[in-house]
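To start, the structure under review is shown below, and the notes come after it.
Read-outs throughout are calculated quantities, based only on the coordinates presented, and are distinct from any laboratory measurement. Source: prediction; values computed, not measured. Counting neighbours? That spans all protein chains shown, and the Cβs are built from the backbone with ideal geometry, glycine included.
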Amino acid sequence: MSAEQNLKDNTSNKEVLSKKSETVTGDVYVQDVHKYFGVTKALNGVNFNANFGEIHAIVGGNGCGKSTLAKVMSGVLPIDKGKVSVLGHTPTSPVMAREMGIATVFQEVMIAEEASVVDNLFVGSDSFWYKNLTQREKVLKAQELMEDLAGEYIDPYTQVFNLSLPIKAWITIGRAFLRENTKVLILDESSAALDFDSTERLFKK
């Protein structure tokens with residue numbers, strides 16, 4: 001190896017090391033985050049940061065770690081190494097994340113098929129934000145929200161198994177918009193079940 005090549009390699013290594021050791025800051029950030037599933041490296045030294053008022057898109061192929069990143073930022077999965085900070089705290093459970101103001105819509109359409117639209121929207125919310133709402137108030141709020149999101153009237157009393165996949169997707173998205181304390185919204189491929197017009201409406205919202 002020539003001296004010139006050796007110098008280039010050393011310089012390159014120093015640049016890589018300095019990038020890894022950089023301090024990441026922001027209202028939301030992950031720094032040198034690692035997450036393993038056995039021998040699979042789902043996240044391998046990930047750095048990311050965002051501030052209030054910003055919208056970011058993380059792009060990559062299937063299996064590159066996008067959903068895993070969303071889950072470690074939402075307190076669903078613990079990390080093996082690194083740091084996650086959202087609003088100055090590290091969420092260690094989905095409940096803690098919700099209390100901090102993180103609303104996450106996961107890639108999977110999580111729906112109780114035998115329950116009504118209104119019950120699906122408000123599931124798990126009573127102890128947080130809507131404890132004092134009457135059932136009628138919840139129904140009216142559900143009707144207004146779903147019409148705003150889906151662009152059409154959806155009967156709040158309809159059992160969800162009767163609805164199309166796009167409407168079910170809107171229900172999972174609607175849960176995030178119902179929360180009064182939402183400060184950070186994480187969407188994990190939430191437009192996958194939506195058509196073009198619905199996707200545009202979601203992004204506008």
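Worth pointing out:
- One residue from Val72, Val95, Val46, Val84 being touching a helix residue (DSSP H, G or I) at 6+ places or on another chain (Cβ under 8 Å) and within 17 Å of Leu185 (Cα to Cα): Val84
- Scanning the range 146-170 for residues that are assigned to a helix (DSSP H, G or I), farther than 17 Å from Lys204 by Cα and of a type in the set (A, V, I, L, M, F, W, C) turns up Val160, Phe161, Leu165, Ile167.
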